[in-house]
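Throughout, read-outs are computed from the coordinates displayed, never taken from laboratory work. This is a predicted model, so every value here is computed, not measured. Here the Cβ positions follow ideal geometry from the backbone for every residue, glycine too, while neighbour counts run over all protein chains shown.
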Amino acid sequence: MPQYTTYQPRPYRPRMSAYWYLDQFHYLRYAMRESSSFFVAYFAVVTLVQIAALNAGPTRYAHFQAVMQCPWVIVLNAIALGLMANTGERMGDSPMLQRIFGTIPMGRLGQPREIGACAVWLASEQAAYVTGQTIHINGGSVHGR
């Protein structure tokens, strides 16, 4: 136990490693939830795993380097939907639906076949060079639904 002088106050909590949060899953979950970008979250996790591997010793760090030489990164395309006709049919002929029509530049609701056509195109050879994109199918609406 170190000796403290009157000029060096005793700490009010026990000393912890600077990397104590690596053992706490709820902090990792919080960091993943708060990060708004997949890439930010990916590099944050890689950095945390790298720090843990460095702390575990040279054998574990060598294993980490071997894994990072061939990472499994999956880039997805997404289809963002606007208001579709099958949803609008459930709303009936309400004044709210008429207001929604006013916010859609095309003046109509989307059809399920249009979603299917986009999904088929994304799966085809013609879209082989499209990666990591979000395709908005909303009739030109900038406010989503």
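Assorted remarks:
- Counted by neighbouring Cβ atoms within 10 Å, the residues H26, H136 run from fewest to most as H26, H136.
- A simple spin-label model places pseudo-atoms 7 Å from Cα toward Cβ; at A56 and A80 they are separated by 3.8 nm.
- Relative to the current alpha-carbon distance between W20 and E114, full extension at 0.36 nm per residue lengthens the span by 28.8 nm.
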